[in-house]
1. Computed from these coordinates, which is semi-axes √(5λ) of the Cα gyration tensor in Å: (1) 26, 21, 19; (2) 30, 19, 16; (3) 32, 22, 14?
2. By DSSP, what percent of the beta bridges with both residues in the chain are antiparallel, rounded to the nearest 5?
3. Give me the log10 of I(q) over I(0) for region 102-236 at q = 0.13, 0.14, 0.16 Å⁻¹, as the Debye formula computes it from C-alpha points; what are the numbers?
4. Using the alpha-carbon atoms, what tilt in degrees (0 to 90, nearest 10) does helix 200-210 show relative to the longest principal axis of the chain?
5. What are the principal axis extents of the Cα atoms in region 84-176, in Å, biggest first?
6. Over the Cα atoms of region 169-211, Rg to Rh with Kirkwood Rh, two decimal places?
7. Among 20, 91, which comes first, second and so on when ranked by fewest other beta-carbon atoms within 10 Å?
8. Say R0 is 25 Å: what FRET efficiency, to the nearest 0.05, do residue 129 and residue 47 get from their beta-carbon distance?
């Protein structure tokens with residue numbers, strides 16, 4: 001850890017919670033430490049390390065909303081790393097864990113969004129295009145909290161003709177309102193705040209009310225196959 005970062009964290013006890021492990025952000029897990037160490041780049045600077053970690057989580061872990069599991073084990077950063085797939089919340093948790101493992105303060109942010117990029121299975125199961133408790137990572141760099149959204153891997157963006165989200169460690173990386181064809185993509189409806197860990201009780205209550213999550217996706221559901229079908233139909 002760089003001397004100035006170490007001194008800052010010692011002086012500001014409030015920041016301690018954002019570099020320590022928490023129930024789902026298991027930054028002390030050996031697999032997380034290994035992944036973070038291998039993907040933080042050659043620089044010792046926090047911003048450069050955070051950028052490198054962002055792209056590793058964005059593109060090494062495939063986006064898959066069918067993996068939704070509102071249990072601690074299902075949300076764990078180490079679980080997402082092990083299975084190689086995750087939805088927006090679990091990928092945000094993994095990025096936060098990698099940052100904390102590297103000594104960079106990170107927390108979890110949530111917003112309600114209107115998502116115009118879904119599969120037929122998702123539209124049928126959810127009965128809405130509003131995604132409640134969409135997750136992103138907030139990373140503390142150069143004295144400010146910067147939003148980072150590592151959800152959509154590059155292959156998914158190419159499939160759906162949307163501009164990939166880049167991250168420079170200075171500006172918020174949040175969803176674009178339009179895709180590359182000028183069609184509606186994402187709309188932010190409400191920010192719910194930023195937290196040390198997932199406010200699981202609140203999230204679970206919203207999901208039970210809005211989605212009936214235990215009935216959303218069967219074990220046979222295959223997001224990659226559905227994306228292929230959806231994008232093939234769009235091209236026909």
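Rule-based calculations on the coordinates, nothing more; no lab input. Because the structure is predicted, anything quoted here is derived from the model rather than measured. All Cβ positions, glycine included, derive from the backbone under ideal geometry; neighbour counts span all protein chains shown.
1. Comparing each candidate, only (2) matches the computed number.
2. Rounded to the nearest five, the antiparallel share is 90 percent.
3. -0.65, -0.75, -0.97
4. The helix 200-210 is inclined about 10 degrees to the chain.
5. The principal-axis extents, from largest down, are 42, 24, 23 Å.
6. On the way: Rg = 14.5 Å, Rh = 13.3 Å.
Value, to two decimals: 1.09.
7. In increasing order of surrounding Cβ atoms, one gets 20, 91.
8. That pair, residue 129 with residue 47, gives E of 0.15.
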